[in-house]
Number of protein chains: 2
Amino acid sequence: MAAGEEESLRLLGLHVSPFALRARMALAFKGVSYEYIEEDLFHKSELLLSSNPVHKKVPVLIHNGRPVCESLVIVQYVDELFAGPNILPADPYERAIARFWAAYIDDKLFPAWVGVMRATTEEDRGEKLKETYAALQNLEKAFSECGNGKSFGGDSVGYLDLALGCFLPWFVALRMMFGVEVIGAANTPLLAAWAERFGETTVAKEVLPEPGEAVAYAKKLQAHRASLNK
Amino acid sequence: MAAGEEESLRLLGLHVSPFALRARMALAFKGVSYEYIEEDLFHKSELLLSSNPVHKKVPVLIHNGRPVCESLVIVQYVDELFAGPNILPADPYERAIARFWAAYIDDKLFPAWVGVMRATTEEDRGEKLKETYAALQNLEKAFSECGNGKSFGGDSVGYLDLALGCFLPWFVALRMMFGVEVIGAANTPLLAAWAERFGETTVAKEVLPEPGEAVAYAKKLQAHRASLNK
């Protein structure tokens with residue numbers, strides 16, 4: 001940038017998108033100011049379509065006019081660019097382990113959870129719930145091996161706290177919608193205690209929506225899908 | 001490690017696995033010596049199962065007894081840990097763009113290519129081939145925007161060169177098996193020229209197998225699947 005020009009930082013998001021929440025928590029954690037732009041995914045803006053022509057999805061971070069897409073890429077970019085406490089661990093091995101589990105969340109937990117939300121039969125929902133539980137069991141094990149027992153990031157919030165924490169409103173939404181508790185004292189005691197603590201952190205309080213908002217959005221999506229199938 | 005102990009670096013791989021090739025090219029690029037252990041995926045070793053209990057897949061890099069799994073995680077770990085030329089770009093924005101496209105290769109190109117290999121009908125193969133071409137069209141565009149036109153990594157080999165280059169023997173194998181040219185002067189002139197140049201680099205020559213080996217392995221897998229369906 002030319003000297004004297006102002007830094008410009010905009011985030012295209014959706015208030016209940018776990019991936020957008022991840023990016024927003026990273027920015028909040030670093031204490032960075034930015035302009036937040038809520039997208040309507042039923043009518044995507046020209047800015048979203050031109051900034052993320054490949055996936056056409058939120059979040060997109062636009063830094064001095066240059067877009068960065070994909071939530072984990074954004075979190076790492078924010079971590080590398082801005083001062084403040086580290087999001088990724090400083091040690092290369094711990095960083096590798098954090099990256100491994102973050103990829104696991106996106107590759108295994110996310111599709112299972114989406115499957116629960118979109119299932120059209122009880123049988124299908126049961127199957128996807130099983131996959132969700134299995135993924136969270138693996139993450140329970142990961143939690144016991146990473147960090148210091150308080151959070152994935154040790155004493156402070158870290159990469160995996162953001163990577164998994166962005167789903168917390170949706171886990172509560174699952175209970176409200178289908179009466180299932182995917183993180184709980186019985187199945188995942190460590191994650192259940194972590195979720196409680198993470199919910200009390202400043203970034204979570206500042207950024208995460210009420211679970212009721214997730215439920216309302218899920219119902220809007222269901223109605224939309226039903227209208228397409230008519 | 002205690003002083004006096006020797007560094008130990010082992011890689012569990014498979015000679016034709018694109019993901020294992022990616023990790024091996026990263027190690028070759030850094031000029032790091034390691035013990036290579038070829039896995040038999042029909043009879044996975046105890047070492048593989050215990051080192052990667054979550055996915056049970058190659059590659060696994062075992063550094064001083066501690067496993068690192070997932071090829072892109074391994075490449076970044078190798079880049080951060082060992083001296084020598086950088087694999088990821090030094091600039092945070094360029095790094096973000098490289099990470100975006102590497103994720104794209106794994107999320108879009110890889111499943112499309114696997115679909116071509118595993119298709120059991122011509123219709124299904126045609127569908128997956130279309131997806132492969134579409135993904136490579138996007139990567140052609142990415143290539144024109146990244147690097148300096150010679151390679152994704154600019155003057156030297158970089159993250160995306162390894163991320164995509166590991167598939168080159170398999171693209172030739174597709175031609176040998178099904179008569180299709182997914183990277184070629186007609187559809188993807190920039191990638192076609194890049195593939196030629198990349199094939200001439202030291203890491204590619206040192207690590208990539210002959211396409212005939214990929215074809216032989218694909219036929220072995222086909223025979224295995226056929227025997228399971230009997």
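The values are calculated or read from the model by the stated rules, or taken from the named source; none is laboratory data. All values reported here derive from a predicted model rather than from experimental measurement. Glycine also receives a Cβ, built like all others from the backbone with ideal geometry; neighbour counts cover every protein chain displayed.
Each row is one residue, and each column tells you yes or no for (1) touching a residue at least 40 places away in the same chain (Cβ under 8 Å); (2) within 14 Å of another protein chain (Cβ to nearest Cβ); (3) surrounded by 22 or more Cβ atoms within 10 Å (Cβ to Cβ); (4) closer than 23 Å to residue B:201 by Cβ.
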residue: B:14; (1), (2), (3), (4): yes, no, no, yes
residue: B:22; (1), (2), (3), (4): yes, no, yes, yes
residue: B:31; (1), (2), (3), (4): yes, no, no, yes
residue: B:40; (1), (2), (3), (4): no, no, no, no
residue: B:44; (1), (2), (3), (4): no, no, no, no
residue: B:55; (1), (2), (3), (4): no, yes, no, no
residue: B:72; (1), (2), (3), (4): yes, yes, yes, yes
residue: B:92; (1), (2), (3), (4): no, yes, no, no
ask   = Which pairs do you get when a residue that is touching a residue at least 12 places away in the same chain (Cβ under 8 Å) and of a type in the set (Lys, Arg), found in region B:191-220, comes within reach of a residue that is surrounded by 12 or more Cβ atoms within 10 Å (Cβ to Cβ) and not in a helix (DSSP H, G or I), reach meaning Cβ atoms under 9 angstrom, with the pair 6+ apart or on two chains?
value = B:197/B:150; B:197/B:151
Odd one out for residue A:59 among (1) under 30 Å from residue B:66 (Cα atoms); (2) touching a helix residue (DSSP H, G or I) at 6+ places or on another chain (Cβ under 7 Å) = (1)
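Could you check region B:44-138 for helices (runs of 4 or more DSSP H) lying wholly inside it with 3 or more residues that are over 24 Å from residue A:101 (Cα atoms)?
Values: elements: B:46-51, B:71-81, B:92-104, B:110-118.
Result: B:110-118.
Of A:60, A:68, which residue is without any contact (Cβ under 8 Å) to a residue 12 or more places away in the chain, surrounded by 12 or more Cβ atoms within 10 Å (Cβ to Cβ), under 25 Å from residue B:134 (Cβ atoms) and within 14 Å of chain B (Cβ to nearest Cβ)? Please lay out each step first, then the result.
Details: A:60 fails: without any contact (Cβ under 8 Å) to a residue 12 or more places away in the chain.
Result: A:68 is the single residue among A:60, A:68 that is without any contact (Cβ under 8 Å) to a residue 12 or more places away in the chain, surrounded by 12 or more Cβ atoms within 10 Å (Cβ to Cβ), under 25 Å from residue B:134 (Cβ atoms) and within 14 Å of chain B (Cβ to nearest Cβ).
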inquiry  = Within region B:153-162, does at least one residue satisfy the condition of being modelled with pLDDT of 95 or more, surrounded by fewer than 21 Cβ atoms within 10 Å (Cβ to Cβ) and under 15 Å from residue B:21 (Cα atoms)?
reply    = no
remark   = Restricting region A:178-214 to residues that are among the hydrophobic types (A, V, I, L, M, F, W, C) and touching a Pro at 6+ places or on another chain (Cβ under 9 Å), the one nearest to residue A:120 (Cα to Cα) turns out to be A:214
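Being in contact with a helix residue (DSSP H, G or I) (Cβ under 9 Å, 6 or more places away or on another chain) and either more than 10 Å from chain B (Cβ to nearest Cβ) or surrounded by fewer than 19 Cβ atoms within 10 Å (Cβ to Cβ) (or both) is the filter here; which residues of region A:76-90 pass it?
A:80, A:81, A:82, A:83, A:84, A:85, A:86, A:87, A:88, A:89
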task = Return the only residue of B:108, B:128 being in contact with a Gly (Cβ under 8 Å, 6 or more places away or on another chain) and surrounded by 15 or more Cβ atoms within 10 Å (Cβ to Cβ).
result = B:128
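Determine whether residue B:50 is in contact with an Asp or Glu (Cβ under 7 Å, 6 or more places away or on another chain), more than 9 Å from chain A (Cβ to nearest Cβ) and surrounded by fewer than 20 Cβ atoms within 10 Å (Cβ to Cβ).
Details: in contact with an Asp or Glu (Cβ under 7 Å, 6 or more places away or on another chain): no; more than 9 Å from chain A (Cβ to nearest Cβ): yes; surrounded by fewer than 20 Cβ atoms within 10 Å (Cβ to Cβ): yes.
In short, no.
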